[in-house]
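In what follows, a single structure is set out as structure tokens and then discussed.
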Amino acid sequence: MESPFDVLSIDPGADDEEIDRAYRRRILEAHPDQGGSIREFQAVRAAYEEVTSHASRELSDPEHVEGGENADEEDGEDARVEYLNYEVLADHGWDLGDEDLFEKAADADLDTADYGRILVHSDESMLEAAENRGFEWPYACRGGACANCAIALAEGELSMPTNHVLPPEMLDRGFRLSCNGSPTTDEMRVVYNVKHLPGLDELRLPPRPFEQAYSDD
């Protein structure tokens, strides 16, 4: 049986940057539309999770944490997130840069799938929070290797532990990945389903094979 390092084609001593670079390359190679298979994709994903979780355990060892075993840990807090589906903007003549975009959305009697508010718990990513409340936001790899799950920040901020695809200029424009992004502010406003915007469209992956892979978990 191949080790996770063999699956990712990296040495056991690879650093975080090498691991991330290898994961992005392998996840693209494993995509069924690129000659791979769902089984291969699942193997790459599992290998990446095993390698990164091992690194996380090493870093969380008391010898690697400032303050040792008694180091304080901050409890996360829930965030209130107001969301809007990008697909409804054109129908109403709105623009992503409108300062009163969310005020107009609140007055437009939109379906709850297109506009509303959710509470994101501290242990949830933005995507997980939407799914746990019955919504279907776009995604593909769930590993930070594509822009299918991209959102645009209108207010607030979120952290992204993993980002293999968004370049600095897209981050500067307020784009983030919902698959692993978690709010770091109490209040947020986000526009989801922005994956077809220029600069993001070419960073997408076909979603269906990945959705099938997760449904088989």
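Throughout, read-outs are computed from the coordinates displayed, never taken from laboratory work. Keep in mind that what you see is a predicted model, and the values were worked out from it rather than measured. Cβ atoms come from the backbone with ideal geometry, glycine included; neighbour counts cover every protein chain shown.
I'd like to compare 178-190, 16-28: which one has the highest average count of other Cβ atoms within 10 Å, and what's the full order after that? List each step's numbers first, then the result.
Details: 178-190: 19.7, 16-28: 18.0.
The most tightly packed comes first, giving 178-190, 16-28.
Please give the length that would be gained between residue 171 and residue 80 if that part of the chain were fully extended, namely 0.36 nm times their separation in residues minus their C-alpha to C-alpha distance (nm, one decimal). Mind dumping the intermediate values first?
Details: separation 91, 0.36 × 91 = 32.76 nm, distance 2.17 nm.
Working it through step by step, the gained length comes to 30.6 nm.
Among 7, 88, what is the fewest-to-most ranking by other Cβ atoms within 10 Å? Could the numbers behind the result be given before it?
Details: 7 22, 88 18.
Exposure proxy ranking, most exposed first: 88, 7.
Given the convex hull of the Cα atoms of segment 79-215, what is a quarter of its surface area in nm²? Don't skip to the answer; put the middle values down first.
Values: hull surface 31.7 nm².
Projected area, direction-averaged: 7.9 nm².
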Using packing as a proxy for protection, rank 192-202, 138-148 so that the peptide with the highest average count of other Cβ atoms within 10 Å comes first. 138-148, 192-202
